[in-house]
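Data block below; observations after.
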């Protein structure tokens with residue numbers, strides 16, 4: 001009889017544990033469902049006044065990149081460090097010097113996983129993670145941002161990237177060259 005009870009109780013304990021776990025999960029679901037029908041609940045845009053005011057983000061938030069076209073030396077270190085190969089650098093030899101001139105610096109945000117591994121190997125600190133969290137677009141082509149074709153305040157790292165600037169950069173045919181390497 002005792003041997004039989006020892007065999008039954010572990011099985012019964014597993015059933016009790018499974019029922020308790022499912023019950024706890026259903027309680028979380030029920031509690032969240034009830035919270036959605038509170039009368040004092042605000043929508044995201046009412047709470048943060050988005051897009052008129054930027055949404056507050058944490059100090060170490062890894063948003064869309066900021067890139068300084070004036071300091072980039074086209075060393076390809078960021079593209080080599082990227083684990084998903086989403087950074088594309090176009091460069092050509094600068095006449096009369098040893099360096100290169102940037103003709104295109106594009107990041108495909110449909111691939112990017114915002115790991116910030118491209119920031120560390122940069123010897124001149126021309127790329128860093130920004131604080132913007134929104135880059136809305138209607139097609140996958142809009143997710144490819146060429147920093148060399150953005151307006152100068154964005155391309156030189158003075159302003160954050162925004163959907164309007166990206167849309168305008170798709171119309172520009174020639175890259176914007178800037179900085180001392182012209």
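The values are calculated or read from the model by the stated rules, or taken from the named source; none is laboratory data. Keep in mind that this is a model prediction, so the values were computed, not measured. Using ideal geometry, Cβ is built from the backbone for each residue, glycine included, and neighbour counts are taken over all protein chains shown.
Computed quantities for the displayed model
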| quantity | calculated |
| --- | --- |
| Positions within segment 135-152 being in contact with a helix residue (DSSP H, G or I) (Cβ under 7 Å, 6 or more places away or on another chain) and surrounded by 14 or more Cβ atoms within 10 Å (Cβ to Cβ), in sequence order | 135, 137, 142, 145, 146, 147, 148, 149, 150, 151 |
| Filter pass, residue 159 being within 24 Å of residue 54 (Cα to Cα) and either more than 18 Å from the chain's Cα centre (by Cα) or touching a residue at least 24 places away in the same chain (Cβ under 8 Å) (or both) | no |
| Evaluation of residue 171 against (1) exposed (fewer than 15 other Cβ atoms within 10 Å of the Cβ); (2) touching a residue at least 40 places away in the same chain (Cβ under 8 Å); (3) farther than 18 Å from residue 78 by Cβ (one fails), failing number | (2) |
| Single residue of 56, 83, 39, 51 found to be in a loop (DSSP other than H, G, I, E, B) and at pLDDT 90 or above | 83 |
| Filtered residue count, segment 106-154, keeping only those that are assigned to a loop (DSSP other than H, G, I, E, B) and modelled with pLDDT under 85 | 12 |
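So that you can scan it fast, the table gives a plain yes or no per residue for (1) over 33 Å from the mean Cα position of the chain (by Cα); (2) touching a residue at least 12 places away in the same chain (Cβ under 8 Å); (3) loosely packed, with under 14 Cβ neighbours inside 10 Å:
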position	(1), (2), (3)
12	yes, no, yes
43	no, no, yes
59	no, no, yes
72	no, yes, no
79	no, yes, no
83	no, yes, yes
91	no, yes, no
